[in-house]
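Heads up: the structure comes next, in structure tokens.
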Amino acid sequence: MAGDLPDYYFRVRDNGAFVFRVDSENRQRRIELDQIATVNIRNGEIKPHGDRALTEEDLAEIRSWMAERRDVLARRDIDDIHRTVDHLNQTAQWAQTRATDAQLDQVTDALLLAMHDLRTVLVRKRGDRLIRGDDS
């Protein structure tokens, strides 16, 4: 199994990850994770852990992971929005067919405010794109 392990392990956290070098070639034949860096996806910052100096190979692997991670997060964002559209449709169906008056009283104001806020943002953004001439 040790031959199948990657050289680096990224422990995902908010806005980035802790980066570890994987070591399975030690006396005890244990898998050891040696933290080498902390990365921030939002600002692109790579901070070596402690007084460690990162090699070009380390930096290349980290940058590659960061690019892949940004792509994954972007795909998840749009997928979440598509799911939200589905949930809004399901909510409309629920409100029309199954919701009790008490249930509707619990959620109506919150839903109306959230939908109003969303509509305001979408209309403003659409208007901005139309003014710039890049609505597609």
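Listing for the model above:
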read-out	value
Verdict on Ile36 being within 30 Å of Gly16 (Cα to Cα), of a type in the set (A, V, I, L, M) and in contact with a Ser or Thr (Cβ under 7 Å, 6 or more places away or on another chain)	no
Odd one out for Arg69 among (1) within 15 Å of Tyr8 (Cα to Cα); (2) surrounded by fewer than 10 Cβ atoms within 10 Å (Cβ to Cβ)	(2)
Residues (hydrophobic (A, V, I, L, M, F, W, C) and in contact (Cβ under 8 Å) with a residue 40 or more places away in the chain) located in segment 46-65	Ile62, Trp65
Subset of segment 35-51 that is within 15 Å of Arg13 (Cα to Cα) and open to solvent by 70 Å² or more (accessible area, probe 1.4 Å) - its residue that is nearest to the chain's Cα centre (by Cα)	Arg42
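The values are calculated or read from the model by the stated rules, or taken from the named source; none is laboratory data. Quantities reported herein were computed from a predicted structural model and do not represent experimental measurements. Don't worry about glycine lacking a Cβ; one is built from the backbone with ideal geometry, like all the others, and counts go over all protein chains shown. To get the accessible areas, we keep the full protein, side chains included, count just its heavy atoms, and leave off ligands, DNA and RNA. Shrake-Rupley method; radii C 1.70, N 1.55, O 1.52, S 1.80 Å.
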